[in-house]
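Step one of this worksheet: look at the structure below.
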Amino acid sequence: MVKLSVIVPFYNVQQYAPDTLKSLRANTREDFEIILVDDCSRDETPDILARAERELPGAVYVRREQNGGLATARNTGIDRARGEYLTFLDGDDWLAPGYFPHLVAAIEELGCDFVRTDHVQCTGRARAIHRVPQGRRGVVMNPREAILPADRSTSVDYAYAWAGVYHRRLVDKGLLHFTDGLRTAEDRPWIWKLHREAESFATVGLLGVFYRRGVASSLTQIGDVRQLDFIRAFDQVIEETAGDPDADKLLPKAVRTYCAIMAHHLGAIERFEPAVARKLRSLSSAALKRMPQDLLTEVMDSMDPQRASRLRRLRRRPVSARAVAA
């Protein structure tokens, strides 16, 4: 049986794919498979991956015929995966040698549904360690109990799918797939769902993923309409959390996070194209009116004045009933 399936989506990353593949080679094992998903790249990435399938032990190359975005590409890999455990890597990031065997050993020792890990953020030549915002390490915990408190960074704010490893039973329970078509913030509904519905998790102080920031082709650097998918992603978080038995406890955290992300985008609105900036304001205004209004007021009152002011102006902005319901 395949022990670990590694799902790696690629899209127009010919500059970085060779380094990613080199690091994967330093993590191969005979019971590992590496699923290379090309999301209909238009550069030389498909040729690089076709060659890797021949040369990289355990590699399986899957080419999508239509670009679907990161969430859909990951789902393609999940559907092909055969491993007892699954993990992810993005096509422009890389790994420390021997990282995956340590990752598998950690989840096998702990016996939980999923394990989260720290990572190294790389911006140019700068390196910074980012840790899971969870103080207890190497201890199996209830994921629901790690969602709160609402006013502090917690595990659901550390929304990096590649910073961890996941047992196959999460696939069988319908908890590991992403929302198809989300172009950004795809990890947000996903991590909330894991923490609400999985039975056990742990965090470990294992460094091995090097996350490349500042890539020109990354959606985090591009101010186009795809960035606005964060609204659809957080609408899903709010809707699903509102239906949870502990909604009264969990919704304040979900609303607060949504407002913080929205205020962040509004504060950097000049990087969007004018038409997209207008759409950001319109969609954000409608989204604010969809939230539980008493709770929204409490959240805004607890935010710093600058961010709260941005959101209050949008909250007062008139929008159509159809836009609010969308």
More than 29 Å apart - percent of Cα-Cα pairs taken over the chain: 39
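Rounded to the nearest 500, what is the chain's calculated 222 nm mean residue ellipticity when only DSSP H runs of at least 4 contribute -39500 (n - 2.57) each, over all residues?
Details: 12 runs with 137 residues, N = 326.
Result for the chain: -13000 deg cm²/dmol, rounded to the nearest 500.
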The chain: most fluctuating residue of 235, 19, 79 per GNM, C-alpha cutoff 10 Å: 79
Estimated FRET transfer efficiency when R0 is 56 angstrom, pair residue 282-residue 55 (beta carbons, to 0.05): 0.70
Cut-off under 5 Å, modelled amide H: who pairs with residue 59 long-range: 34
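Once a ≥ b ≥ c are taken as the square roots of the eigenvalues of the Cα gyration tensor of the stretch 125-218, is the result rounded (a/c under 1.5), prolate (a/b larger than b/c) or oblate (a/b not larger than b/c)?
Cα axes put the stretch 125-218 in the oblate bin.
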Accessible area (Å², 1.4 Å probe, nearest 10) - residue 315: 60
Share of carbon and sulfur in the accessible heavy-atom surface of the stretch 70-160 [1.4 Å probe, %]: 48
Amide H within-cut-off set for residue 211, under 5 Å, with H built and near neighbours excluded: 120, 121, 122
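Could you order peptides 62-68, 140-146 by the average number of other Cβ atoms within 10 Å of their residues, highest first?
On the way: 62-68: 14.1, 140-146: 16.0.
Answer by packing, highest mean first, reads 140-146, 62-68.
Using a Förster distance of 51 angstrom, determine the FRET efficiency expected from the C-beta separation of residue 316 and residue 140, and round it to 0.05. Please list the in-between numbers first.
Values: r = 47 Å, r/R0 = 0.92.
The value I calculate is 0.60.
Output needed for the stretch 56-106: three equivalent-ellipsoid semi-axes, defined as square roots of 5 times the C-alpha gyration tensor eigenvalues, in descending order, whole Å. Spell out each step's value before the answer.
Working: eigenvalues 99, 34, 25 Å².
Semi-axes from the Cα gyration tensor: 22, 13, 11 Å.
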Two-site FRET efficiency, residue 22 against residue 306, from Cβ-Cβ distance with R₀ of 56 Å, rounded to 0.05: 0.80
Listed residues 253, 3 arranged by accessible area, highest first, probe 1.4 Å: 3, 253
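Which shape class applies to the stretch 147-296: rounded if a/c is under 1.5, otherwise prolate when a/b exceeds b/c and oblate if not, where a ≥ b ≥ c are the square roots of the Cα gyration tensor eigenvalues? Before the final figure, lay out the partial values.
Working: a/c = 1.87, a/b = 1.22, b/c = 1.53.
It comes out oblate by the Cα gyration axes.
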Separation of the residue 207 and residue 65 label points, Cα + 7 Å toward Cβ, nm: 4.6
Acute angle (nearest 10 degrees) that the helix 99-110 long axis makes with the longest principal axis of the chain, alpha-carbon atoms: 70
Table column - 3J(HN,Hα) (Hz), the stretch 250-262, Karplus curve with 6.51, -1.76, 1.60, x for Gly and Pro: 8, 4, x, 5, 5, 5, 4, 5, 4, 5, 5, 5, 4
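Suppose we keep just the DSSP beta bridges with both residues in the chain; what percent of those would be antiparallel, to 5? Write down the numbers at each step before the final one.
Working: 13 of 37 bridges.
If I count the DSSP bridges inside the chain, around 35 percent turn out antiparallel.
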With Cα atoms, 0 to 90° folded angle of helix 187-197 axis to the chain main axis: 90
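Heavy atoms only, probe 1.4 angstrom, no DNA, RNA or ligands counted: give me 200, 285 ranked by accessible area, highest first.
These residues rank, largest area first, as 200, 285.
Considering only lysines 8 or more places apart in sequence, or on different chains, count the pairs in the chain whose C-alpha atoms sit under 17 Å apart.
Working: 173/193; 193/249; 193/253; 279/289.
Final tally of qualifying lysine pairs is 4.
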The chain: most fluctuating residue of 122, 259, 112 per GNM, C-alpha cutoff 10 Å: 122
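Which of the peptides 164-177, 184-197 is most tightly packed, and how do the rest follow, going by the mean number of other Cβ atoms within 10 Å of each residue? All intermediate terms of the calculation are to be shown ahead of the outcome.
Working: 164-177: 18.4, 184-197: 22.4.
Answer by packing, highest mean first, reads 184-197, 164-177.
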Probe 1.4 Å - accessible area at residue 204, Å² to nearest ten: 20
Semi-axes of the equivalent ellipsoid for the stretch 72-147, Cα gyration tensor, largest first, Å: 21, 20, 14
Degrees, to the nearest 10: 70-80 long Cα axis against longest axis of the chain: 40
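The values are calculated or read from the model by the stated rules, or taken from the named source; none is laboratory data. If you're wondering where the values come from, they're calculated on a predicted model, not measured in any experiment. Every residue, glycine among them, receives a Cβ derived from its backbone with ideal geometry; neighbour counts consider all protein chains shown. The accessibility values were calculated without ligands, DNA or RNA, using every heavy atom of the protein model including side chains. Shrake-Rupley method; radii C 1.70, N 1.55, O 1.52, S 1.80 Å.
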